[in-house]
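Colleague: Okay, handing you the structure first.
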């Protein structure tokens, strides 16, 4: 079996695009989200995309296959909200293990099929671990700055449950992504290290933060360098950024990151910035040209897409990537 640590030394790896963007095209109804199993569930379930791994598994498998066909080396599991903290919105905390396990299993089956077809291009599954909808660093109440909606310990417990179920389902990598609060990410990383120790395994970890605006900081106020320092105590497969910004806006922060880290670097930017309707207009060709800028400057080891990116975007990125060598790790102190 191929190890991603070996593959990443040979070539730039391509990550998939946006699961949510693809699911929107299906336009699933409330009934479709429920399926037979949850048809009498007492709460509305439309919008709970992670649940579709149980109620619409064929759609999830098809989306993974489309990204692999487009040239992706890695697909992310449909588990962005797969913690008991996020699932509390739907009163589905008890389903967390099953949601993550099934999502991982679906993605792994598709990945294995593509690897069988072309053993020279092994495909991998990254267990997507989202930030949750709570923040440990900031108060949600402007009048009570000392208040926190969640504790580090609550996050650790929730993340540990997600990590164990993703590993049981067969993921190759754990991806802690869209980090807007590094304290949340540290709880996830702590939980991962705990599981690695308990199971005596060494699963690769990707970490991807989010620069929220032109200030160049995360939502909890960290610069690129501070973010990197906060997470570099753990041996990571890669560190990078995703979401919030398009490829053009993200580039200066990637440059800073690339200069400062001995880890591999990753990026999965949005298809530009959202328009007035919250939609992403950047075409695959436009995004390809911007990503080519990263490649010419040797900034990247793993590249994919976030909000608004489709298999067409990933195909265009994969075509560009084929012409370039991966970033060589030379750190400027």
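The values are calculated or read from the model by the stated rules, or taken from the named source; none is laboratory data. Note that the structure is a prediction, hence the values are computed from the model and not measured. Note: ideal-geometry Cβ built from the backbone for every residue, glycine included; neighbour counts use all protein chains shown.
Colleague: What's the number of the condition residue 286 fails, among (1) over 15 Å from residue 251 (Cβ atoms); (2) surrounded by 15 or more Cβ atoms within 10 Å (Cβ to Cβ); (3) modelled with pLDDT of 95 or more?
Modeller: That leaves (1) as the condition not met.
Colleague: Output the qualifying pairs, or none if there are none: Cβ atoms under 7 angstrom, residues six or more apart or on different chains, first residue in the range 44-68 and at negative phi and free of Cβ contacts under 8 Å to residues at least 24 places away in the same chain, second residue assigned to a helix (DSSP H, G or I) and surrounded by 20 or more Cβ atoms within 10 Å (Cβ to Cβ).
Modeller: 46/33; 55/33
Colleague: In this structure, is residue 75 in a helix (DSSP H, G or I), touching a strand residue (DSSP E or B) at 6+ places or on another chain (Cβ under 8 Å) and closer than 18 Å to residue 26 by Cβ? Spell out how you get there, then give the answer.
Modeller: Details: in a helix (DSSP H, G or I): no; touching a strand residue (DSSP E or B) at 6+ places or on another chain (Cβ under 8 Å): yes; closer than 18 Å to residue 26 by Cβ: yes.
When the stated conditions are applied, residue 75 does not pass them.
Colleague: Here is a follow-up. Please go through the range 296-317 and give me each residue that is touching a strand residue (DSSP E or B) at 6+ places or on another chain (Cβ under 8 Å) and either touching a residue at least 60 places away in the same chain (Cβ under 8 Å) or on the phi > 0 side of the Ramachandran plot (or both), ordered by number. It would help to see each step written out before you state the result.
Modeller: Kept after step one, since they are touching a strand residue (DSSP E or B) at 6+ places or on another chain (Cβ under 8 Å), are these residues of the range 296-317: 299-309, 314, 317.
Across the range 296-317, the qualifying residues are 300, 301, 302, 303, 304, 305, 306, 307, 308, 309, 314, 317.
Colleague: May I ask you to list the residues in the range 78-105 that are within 18 Å of the chain's Cα centre (by Cα) and part of a loop (DSSP other than H, G, I, E, B)?
Modeller: 78, 79, 80, 81, 82, 83
Colleague: Within the range 46-58, can you find the residues that are in contact with a helix residue (DSSP H, G or I) (Cβ under 8 Å, 6 or more places away or on another chain) and under 15 Å from residue 78 (Cβ atoms)? Working first, answer last.
Modeller: We begin by selecting, within the range 46-58, every residue in contact with a helix residue (DSSP H, G or I) (Cβ under 8 Å, 6 or more places away or on another chain); these are 46-57.
Passing the criteria: 47, 48, 49, 50, 51, 52, 53, 54, 55, 56, 57.
Conditions tested, residue by residue: (1) at pLDDT 95 or above; (2) under 19 Å from the mean Cα position of the chain (by Cα); (3) within 19 Å of residue 186 (Cα to Cα).
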residue: 221; (1), (2), (3): no, no, yes
residue: 224; (1), (2), (3): no, yes, yes
residue: 239; (1), (2), (3): yes, yes, yes
residue: 244; (1), (2), (3): no, yes, no
residue: 263; (1), (2), (3): yes, yes, yes
